[in-house]
Amino acid sequence: MRNALKTIQSCEEAIIVASFVIMVIATFAQVVNRNFVGAGISWLEEISRYCMIYMALLATELGLRDGTQISVTAFTEKLPPRARFTLKALSQVVVIVFSGIVFATSLVLLQKQIAFGARSAGLDLPMYVPYFALPLSFGLIALVQAARFVRLFLPEAPGGSAGEGGAP
């Protein structure tokens, strides 16, 4: 399971980096084109927007996984270890349930986009491509957070830390 998660996370990070690079290049080209040529190219703005959507949604999972999202810990740090562990487990359950609901809802939305056959204005791209960012990111959030939740309850591996601080 750990190797599969690492592979998924590597793919996720590659998509984030590629999205960022494409977004920066497209935005730079659009700015240069508008200021020096005097005309905008609509598909550059569109691809930049779609890359930003993918990058932001996938980075949400990255921040949750690494614990780098903004949080206020003044209250939780004052709790006893067992209560802190319970609150951490409960918060992960809330994230998993919310992500699962958004994932299921976004699949319905994606199916509608495929059925309608709508295309983007600038790139003539099927609209299910940008909409795929929702089930991809929230599916990954639910999957990775569920794995982290399970690891909360696993005993610590010999010679290293397996869980996220196991039950006290």
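Derivation of every value follows stated rules applied to the coordinates shown; laboratory data play no part. This structure is a prediction, so every number in the text was calculated from the model and none was measured. Positions of Cβ are generated from backbone atoms using ideal geometry, with glycine treated the same way; all protein chains shown enter the neighbour counts.
A few notes on this one:
- Magnitude of the charge dipole, the chain, Cβ model with Lys/Arg +1 and Asp/Glu -1, debye to 20: 380
- Amide H contacts under 5 Å for ARG119: MET127, restricted to partners 5 or more places along the chain or on a different chain, H placed in the peptide plane at 1.01 Å from N.
- Ignoring aspartates and glutamates fewer than eight residues from LYS6 along the same chain, the ones with Cα atoms less than 20 angstrom from its Cα are GLU61, ASP66, GLU156, GLU164.
- From the coordinates shown, P(r) over Cα pairs in 5 Å bins from 0, in percent corresponds to which of [x] 1, 8, 14, 13, 12, 9, 8, 7, 7, 6, 4, 4, 3, 2, 1, 1, 0, 0; [y] 1, 8, 16, 17, 15, 13, 13, 9, 6, 1, 0; [z] 1, 8, 13, 16, 16, 13, 11, 8, 6, 4, 3, 1, 0: [z]
- Karplus 3J(HN,Hα) series, Hz, for the range 10-26 with 6.51 cos²θ - 1.76 cosθ + 1.60 (x for Gly, Pro): 5, 4, 4, 5, 5, 5, 4, 5, 4, 4, 5, 4, 4, 4, 5, 5, 5
- Cα gyration tensor, the range 86-133 - rounded (a/c under 1.5), prolate or oblate: prolate
- When each of the peptides 14-22, 31-39 is scored by how many other beta carbons lie within 10 Å of its residues on average, the order from highest to lowest is 14-22, 31-39.
- The 3J(HN,Hα) values that the Karplus relation (6.51, -1.76, 1.60; θ = phi - 60°) gives for the range 73-87 are, in residue order, 10, 4, 6, 5, 5, 8, 7, x, x, 5, 5, 4, 5, 4, 5 Hz. Gly and Pro appear as x.
- Phi-derived couplings, Karplus 6.51 cos²θ - 1.76 cosθ + 1.60 at θ = phi - 60°, listed residue by residue for the range 149-155: 4, 4, 5, 4, 9, 7, x Hz, with x used for Gly and Pro.
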